[in-house]
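Since the structure comes first, as structure tokens, the remarks are kept for the end.
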Amino acid sequence: MMRRKVYFIQPTYRDKFGKLLKGKSLYTMSLVLQALHSTVPHDWEVQLCNEYFEDIDFDTDASVIGISSMGYEIYRGIEIADEFRRRGKKVMFGGMQAHMSSDFALPHCDTVVHGNPGRTAMRQILDDFEKGEVQREYHCGVDLNYQIDYSTLNAKRLLFTPVITSVGCNYRCDYCCIAALYKGVCRVRKLRHVFAELEYLHGKTRRIAFMDTNIHSRHNYLRALCEGMLSRKFRFVWGAQATIDIGDDPETLRIMRKAGCKALFIGLESFTQANLENVNKAQSVKSYGRRIENIHRAGIKIAAFLMYGFDHDTKETAAELSELVTRHNIALPMINLLVPLPGTPLYTRLKSENRLMIKDEHDFLKNNIGYNSSFNLCLYKPLQMTADEAEAGFIDLLGRLSGYASVVRRSLCPDPRLSVFFLYSNWLFRREYLRLKKMRERRFAHSVQQAAECVT
């Protein structure tokens, strides 16, 4: 008889030297393990492993192994799945990347679970495993309306403890994997579950991060959340992701700040309107200045997601973009080269235009060379420059924003704790620039050497 025990694993990944990335702390992390744990029926045992913090127990007595992959760590997930199957275990894959790359994952597991399974769906899946009738794929939709059990999460390992109030986003930007997955729909959780979790966390930490893709997708819900936090006298310091149009909602910004919001992480992507229109991003660059100023006026700092290498970017864009980051007092720029991720409309378009530079779509997942590192390789053909020029321009852009004076100026704010956070984050930004610059110089030197050897 099958042992009623499931082992959920969130893999880490291997760096370019093949070494598993490990650590003792993170800014924040996904709640996937805690959420999955909360869906398992009470007559099943549960074992959890975040491989970044701890080693996998390959000798576990669990009969079912669940592996969740959000992105490039799917390669490590497949290694883990293959080893457990060799040992006679049943394996299920879940998470965003398993959904978007199910053909890639299916040969290495017994089933792929799509969506966000709730308690009913998890009961069905585990019952099917027990009966030997597991389906190759389960499409579960979205169910997060249950209280997440935080007892297995060690808040001391995290600078900010994660909280989730919704999944999905109302927008359908062509480059976004969340948009491709949720099709422009945002699903919110019942606030009673969120408040119960916050009540528990209030006794453990004061620093939280709302992990929603866009916390402003439902502004009435957001206001009710903040009002509930105030009425319960929670004293959290927190940040969240939002779209820039939250800058047109001063009343919500006011109550957010009063409830403890200190920073918003906002996807600006580009300051060129033609770029936004080309990727179906429904925002107006002309409104950026006003909206940014309104957010700042509310006492909230901005960390901005930006991308370089759009179809209307040129070799001059790096200088223009760095000047705009400085002019708008962006506290933390988070910059990537444009990446056409498989499963997104952007990927499909560039493929149809014969502009992708690698044949295997899963090679895009290998682009990340370090944990939370920028995507730094141009794997498509830009329109206004070569791929090499785009990579050089990206490094130039990082360099323009990495000077000591820029790092300090961006980081300073009235709250000393927030200043420390931004100073450390901007220092990591500078360190990453220096690392990528050195790597590029080494590649260039290697290319020169190879050319010289060919001549001789």
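Before moving on, here are some points about what is shown:
- Residue check, Thr213 assigned to a loop (DSSP other than H, G, I, E, B), under 18 Å from Ala35 (Cβ atoms) and polar (S, T, N, Q): yes
- The range 306-342: number of residues that are touching a Phe, Trp or Tyr at 6+ places or on another chain (Cβ under 8 Å) and within 19 Å of Glu391 (Cβ to Cβ): 16
- Screening Val185 on (1) more than 22 Å from the chain's Cα centre (by Cα); (2) under 22 Å from Tyr146 (Cα atoms); (3) open to solvent by less than 70 Å² (accessible area, probe 1.4 Å) shows it passes everything except condition (1).
- Picking from residues in the range 215-234 that are closer than 20 Å to Glu251 by Cβ and of a type in the set (Lys, Arg), the one that is surrounded by the most Cβ atoms within 10 Å (Cβ to Cβ) is Arg218.
- Selection from the range 90-148 of residues that are crowded, with 18+ Cβ neighbours inside 10 Å, among the polar types (S, T, N, Q) and modelled with pLDDT of 95 or more: Thr111
- Evaluation of Gly95 against (1) touching a strand residue (DSSP E or B) at 6+ places or on another chain (Cβ under 6 Å); (2) on the phi < 0 side of the Ramachandran plot; (3) of a type in the set (Gly, Ala, Ser) (one fails), failing number: (2)
- Selection within the range 197-214 - open to solvent by less than 10 Å² (accessible area, probe 1.4 Å) and either touching a helix residue (DSSP H, G or I) at 6+ places or on another chain (Cβ under 8 Å) or at positive phi (or both): Glu197, Leu198, Leu201, Ile208
- In the range 390-411, the residues that are under 13 Å from Lys438 (Cα atoms) and open to solvent by 10 Å² or more (accessible area, probe 1.4 Å) reach residues that are at pLDDT 95 or above and in a helix (DSSP H, G or I) with C-beta atoms within less than 9 angstrom, at least six apart or across chains, in these pairs: Ala392/Ala318; Ile395/Ala318; Asp396/Ala318; Asp396/Ala319; Asp396/Ser322; Gly399/Ala318; Gly399/Ser322.
- Sole residue being part of a strand (DSSP E or B) and open to solvent by less than 20 Å² (accessible area, probe 1.4 Å), chosen from Gly77, Gly66, Gly71: Gly66
- Residue match in the range 38-50 (condition: in a loop (DSSP other than H, G, I, E, B) and either modelled with pLDDT under 95 or more than 25 Å from Asp143 (Cα to Cα) (or both)): no
- Matching residues in the range 4-34 - criterion: being farther than 22 Å from Met211 by Cβ, modelled with pLDDT under 95 and of a type outside the set (Phe, Trp, Tyr): Arg14, Asp15, Lys16, Gly18, Lys19, Leu20, Lys22
The values are calculated or read from the model by the stated rules, or taken from the named source; none is laboratory data. Fair warning: this is a prediction, and the values are worked out from it, not measured in the lab. Every residue, glycine as well, gets a Cβ built from its backbone with ideal geometry; the counts of neighbours run over all protein chains shown. Calculation scope for accessible area: heavy atoms of the full protein, side chains included, ligands and nucleic acids excluded. Shrake-Rupley method; radii C 1.70, N 1.55, O 1.52, S 1.80 Å.
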